[in-house]
Amino acid sequence: MDFDDTPEDAAFRAEARAWLAEHVGPYKVDAERGGESLVFADVEDTDYVERGRAWQQELFDGGYAGLGWPKEYGGRGLGISQRIVWGQEAAAAGAPPTINIIGEGMAGPTIIAHGTEEQKQRYLTPLLRGDEIWCQLFSEPAAGSDVAAVTTRAVRDGEEWVVNGQKVWTSAAHYANFGILLARSNWDVPKHRGCTYFIVDMHAPGVTVRPLRQMTGGASFNEVFFDDVRVPDSQRVDQEGNGWGVAVTTLMNERMSIGTSMGGTGFGYENMLEDLHARGVADNPHVRQLAAQIYIESKCLQYLGYRAVSKLMQGQIPGPEGSVAKLAVTNLGRKADKFLDALRGPGTMLHDRYTDMQLWIPAMAIAGGTDEVLRNIIGERVLGLPGEPRVDKDVPFRDVPVGTLG
Ligand SMILES: Cc1cc2nc3c(=O)[nH]c(=O)nc-3n(C[C@H](O)[C@H](O)[C@H](O)COP(=O)(O)OP(=O)(O)OC[C@H]3O[C@@H](n4cnc5c(N)ncnc54)[C@H](O)[C@@H]3O)c2cc1C
């Protein structure tokens, strides 16, 4: 990859920089806020959601939403290098990340890959415009890493499906308009073959959203209950029983979007490095060592992200490199945590601009696939090591001794 701008990229950079300078002002990321609240809003933080929607609307109107998406669905159809240029310029200008991270990073790409034309026409443009926010309804109390073991039940009733069950960890459900749902529609086949994927209206009768309080003090994820929720068959994505294949597209996009979104400037490493001087610890060899390591790894991660996105833009579905990038983000987060302890010293006990970020770092090793599960994927699919024993692989889900509520 040549990192110098082509004439077209240079022209796009100038255009993007000028547009950002004019529009980002009222939306500029507040460096005093922590990492978590930059991604999902807490239940009390309705103002943040409204600002996020307004910023998304500005991006859409300016032609900067869905840069890589097809034009017919509201995107701009740009190539990889210009998306990278945009990321650099947006970060440098202090632009906030999208409020619709699940919509733009996961639900949208999945609908583009697997949805009907009617679904694409209905959902993609309002999603990009920020009019409709999305959440992801995959994890359950007994199906997280093993998400193919979901027991939320979808039963066909004429032209509708009736959904019953419980989801958990559902980020943004308290302000989402739609959710992407993985549910079990067949208990008589092995777990991966009995799932179906739906788009669910989060305000449909029978959907209950309850925020969960986290150790950060905020509540950005929820438990969600489905009691006889009726979902039209037109909101099924792909064939009945093909839900797992569709979910894999979502999960790969999730890991890609986590792995590629935090390696640049978005996670505040620049602030930390500036603070080295402000707090008078720039000469401390231990702190310097940690700072240098963080800088090197954040740069490696940035280029790893470029490589993965480059593959995506060549028309290939993101593969295990998304898992590698996500694991690298988590490792970097842990180092940043240590660095911040060294930087803040006894001040770690007080609340400052790093508190939320530090309290959020442990969650990074769980959300979007735990470290252990990602290492399994890398071991099997990148390194070609023998697979884990999977005793339930060919057994009808009804006969598996876990999750046999059917
Ligand atoms: C901040 C945050 C936001 C989230 N947002 C969402 C969301 O919006 N929507 C959604 O659907 N989910 C969401 N999740 C859920 C997330 O995807 C799950 O927490 C994750 O997949 C792990 O599942 P679990 O919590 O059930 O843990 P478990 O799967 O029960 O794992 C428990 C422990 O066992 C280990 N383990 C499990 N299986 C294996 C194995 N095969 N080999 C080795 N070790 C293993 C795990 O690594 C972990 O340490 C979110 C999670 C977090 C932390």
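Can you tell me which residues in the range 226-240 are of a type outside the set (Asp, Glu) and surrounded by fewer than 16 Cβ atoms within 10 Å (Cβ to Cβ)? Even if it seems obvious, please write down each step before you answer.
First, pick out the residues of the range 226-240 that are of a type outside the set (Asp, Glu): 226, 229-232, 234-237, 239.
Scanning the range 226-240 gives Arg230, Pro232, Ser234, Gln239.
Listed here are the residues, each with its yes/no results for (1) more than 16 Å from the ligand (Cβ to nearest atom); (2) over 30 Å from Pro190 (Cβ atoms); (3) not in a helix (DSSP H, G or I).
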site	(1), (2), (3)
Gln293	yes, yes, no
Cys300	yes, yes, no
Leu304	yes, yes, no
Lys335	yes, yes, no
Arg344	yes, yes, no
Leu359	no, yes, no
Ala363	no, yes, no
Ala367	no, no, yes
Pro389	no, no, yes
Quick count over the range 369-386, residues being loosely packed, with under 13 Cβ neighbours inside 10 Å and either more than 9 Å from the ligand (Cβ to nearest atom) or not in a helix (DSSP H, G or I) (or both), is 4
Total residues in the range 193-213, condition free of Cβ contacts under 8 Å to residues at least 60 places away in the same chain and of a type outside the set (D, E, K, R):
11
Are there any pairs with C-beta distances below 8 angstrom linking a residue in the range 139-152 that is in the same structural domain as Leu182 (by TED's automatic domain parsing) and more than 14 Å from Lys191 (Cα to Cα) to a residue that is in a loop (DSSP other than H, G, I, E, B) and more than 10 Å from the ligand (Cβ to nearest atom), with the two at least 6 apart or on different chains, and if so which?
Glu140/Thr151; Glu140/Thr152
Conditions first: (1) at pLDDT 90 or above; (2) under 24 Å from the mean Cα position of the chain (by Cα). Thr216 passes all but one, so which condition is the exception?
(1)
Does any residue of the range 141-156 turn out to be more than 20 Å from Gly245 (Cα to Cα) and within 9 Å of the ligand (Cβ to nearest atom)?
yes
Among the residues of the range 290-306, write down those that are surrounded by 14 or more Cβ atoms within 10 Å (Cβ to Cβ) and within 17 Å of Arg83 (Cα to Cα).
Leu301, Gln302, Leu304, Gly305, Tyr306
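The values are calculated or read from the model by the stated rules, or taken from the named source; none is laboratory data. Given the structure is predicted, the values throughout are model-derived calculations rather than measurements. Backbone-built Cβ (ideal geometry, glycine too); neighbour counts: all protein chains shown.
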